[in-house]
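The values are calculated or read from the model by the stated rules, or taken from the named source; none is laboratory data. In this text the structure is predicted, and so the values were computed from the model without any measurement. With ideal geometry, Cβ positions are generated from the backbone for all residues, glycine too; neighbour counts draw on all protein chains shown.
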Amino acid sequence: MHSAVHNTLAAVWRIESAHIVAAVARHVRDLGVAEELAQDALVSALEHWPLDGVPNNPGAWLMTTAKNRALDWLRHRQMADARHNDLANDLEAQQAHVVPDFVETLDCARQDDIGDDLLRLIFTACHPVISTDARVALTLKLLGGLTTHEIARACLVPEATIAQRIVRAKRALADASVPFEVPRGEQLAARLASVLEVVYLVFNEGYTATSGSDWMRPELCFEALRLGRMLAELTPEQAEVHGLVALMEIQASRTAARTDAQGNPVLLPEQDRGRWDPLLIRRGLTALARCQALNQPIGNYQLQASIAACHARALTAKDTDWAHIATLYAMLMRVAPSPVVELNRAVAVSMHQGPGAGLAIVEALLQEKTLQRYHWLHAVQGDLLQKLGRRDEARAALHRAAALAGNDKERALLVQRAQE
């Protein structure tokens with residue numbers, strides 16, 4: 001009985017925790033305090049639900065309990081610190097309405113109020129004052145509803161490390177007096193870029209794990225997709241948000257085809273496209289169409305999604321429009337230049353113009369210090385050398401790539417290719 005209640009509570013918490021933290025944070029104006037009060041509500045549910053049964057509206061029960069904790073906290077702070085008078089009085093004035101009626105809040109609250117709270121939470125958790133690693137951990141905790149243990153397991157780092165990142169993130173937000181609000185005007189674009197970066201980092205770590213024994217961690221891809229879809233609903237006029245969602249949907253559509261029966265990696269050219277998920281492809285192409293229909297300046301994620309769409313539309317690997325993909329990568333180099341983008345352009349150029357043309361780009365990249373320990377650079381070099389018949393050089397490049405790979409599955413794949 002208790003196990004069933006705990007499972008129900010875990011499922012409800014995963015769905016509702018972001019709404020609860022966001023709603024409480026709007027009143028207490030402190031993200032760390034808001035999460036603690038929400039956790040108090042969770043602990044209260046763990047105490048009461050096994051004895052009293054699961055309430056008819058469990059999400060509203062948690063929200064009401066967290067809201068009551070917030071009222072108590074503000075009353076206490078009002079007595080301890082006069083600076084909180086305005087906040088406490090504001091909630092006190094609303095108490096007659098808030099507390100008795102809040103049991104129905106998830107059914108009757110205005111959707112835009114809930115959306116505004118979630119947006120505030122997203123922009124606060126992804127604030128650039130926090131380090132990138134801490135932003136990822138805090139976002140998964142507050143918006144994904146994941147426990148510290150689950151985040152640590154997904155990211156393959158010690159639980160204590162994740163806990164420290166989250167604590168430091170909250171402290172940094174408090175020390176910088178980061179307001180719990182959605183940025184406006186010129187600040188919006190820069191802050192939105194930080195949010196999208198965090199979501200895509202989470203997705204990429206799930207799509208191709210940088211370390212460990214697994215090629216993919218689908219739970220991270222799922223969380224990133226959920227966050228991206230939520231963000232697209234909350235900011236429908238932001239083209240790059242739809243671009244990122246399109247990119248993740250299309251890439252996620254290949255999940256089933258990216259490993260063989262033994263869990264070994266299967267690279268894009270060898271994948272069975274019949275195993276690609278047509279629903280996710282349609283969702284991705286629809287999101288890309290929404291992005292393009294907004295007629296905003298072409299951005300990083302729109303271009304990456306357009307490249308992914310080229311692959312998705314090709315019935316076989318031979319049907320891929322590599323000329324168009326090479327052009328899109330050239331555009332991406334102008335919008336968001338990086339050595340990794342240039343490496344991907346080299347692959348596209350090699351497929352369109354031949355391995356020699358691609359190798360010329362790769363050899364220039366080998367002079368870049370930032371890429372010398374990037375295993376895929378050496379892997380691409382080895383592949384192109386092999387196509388040119390330079391087998392000994394290809395084998396050496398692939399062994400260099402394998403030595404630099406942090407993921408066990410990737411390393412095994414590269415060693416096998418070197419041996420072949």
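Before moving on, here are some points about what is shown:
- Residue check, Val202 buried (at least 20 other Cβ atoms within 10 Å of the Cβ) and out of contact with any Cys (no Cβ under 7 Å at 6 or more places or on another chain): yes
- Residue in region 271-284 that is part of a helix (DSSP H, G or I), within 20 Å of Ala348 (Cα to Cα) and in contact (Cβ under 8 Å) with a residue 12 or more places away in the chain present: yes
- Condition met for Gln164 (more than 30 Å from Pro218 (Cβ to Cβ) and either part of a helix (DSSP H, G or I) or polar (S, T, N, Q) (or both)): no
- Residue among Arg282, Arg290, Arg334, Arg313 that alone is basic (Lys, Arg), at pLDDT 95 or above, surrounded by 15 or more Cβ atoms within 10 Å (Cβ to Cβ) and out of contact with any strand residue (DSSP E or B) (no Cβ under 6 Å at 6 or more places or on another chain): Arg290
- Test result for Leu388, more than 28 Å from Gln262 (Cβ to Cβ) and not charged (D, E, K, R): yes
- The lone exception for Gly263 - which of (1) free of Cβ contacts under 8 Å to residues at least 60 places away in the same chain; (2) outside any helix (DSSP H, G or I) it fails: (1)
- Number of the exception - His242 against (1) within 29 Å of Asn407 (Cβ to Cβ); (2) buried (at least 16 other Cβ atoms within 10 Å of the Cβ): (1)
- Matching entry among Ala10, Ala41 (being surrounded by fewer than 19 Cβ atoms within 10 Å (Cβ to Cβ) and among the hydrophobic types (A, V, I, L, M, F, W, C)): Ala10
- Test for Leu343: is it crowded, with 22+ Cβ neighbours inside 10 Å, under 24 Å from the mean Cα position of the chain (by Cα) and under 26 Å from Gln386 (Cβ atoms): yes
- Among the candidates Arg400, Arg395, the residue that is surrounded by fewer than 18 Cβ atoms within 10 Å (Cβ to Cβ) and not in a strand (DSSP E or B) is uniquely Arg395.
- Taking residues in region 53-71 that are surrounded by fewer than 18 Cβ atoms within 10 Å (Cβ to Cβ), and partners anywhere that are among the hydrophobic types (A, V, I, L, M, F, W, C) and at pLDDT 90 or above, the pairs with Cβ atoms closer than 6 Å and at least 6 places apart or on different chains are Pro55/Trp61.
- The listed residues are Ala25, Ala11, Ala41, Ala18, and the only one of them that is out of contact with any Leu (no Cβ under 6 Å at 6 or more places or on another chain) and either of a type in the set (Ser, Thr, Tyr) or within 17 Å of Leu142 (Cα to Cα) (or both) turns out to be Ala11.
- Ala330 vs. criteria farther than 18 Å from Asn204 by Cβ, assigned by TED's automatic domain parsing to the domain that holds Arg229 and hydrophobic (A, V, I, L, M, F, W, C): no
- Restricting attention to region 143-161 and to residues that are of a type in the set (Val, Ile, Thr) and assigned to a helix (DSSP H, G or I), the residue that is farthest from Val24 (Cα to Cα) turns out to be Thr161.
- Filter result for Val28 (in contact with a Phe, Trp or Tyr (Cβ under 6 Å, 6 or more places away or on another chain), modelled with pLDDT under 90 and on the phi < 0 side of the Ramachandran plot): no
- Count - residues of region 124-157 that are farther than 22 Å from Phe222 by Cα and free of Cβ contacts under 8 Å to residues at least 60 places away in the same chain: 3
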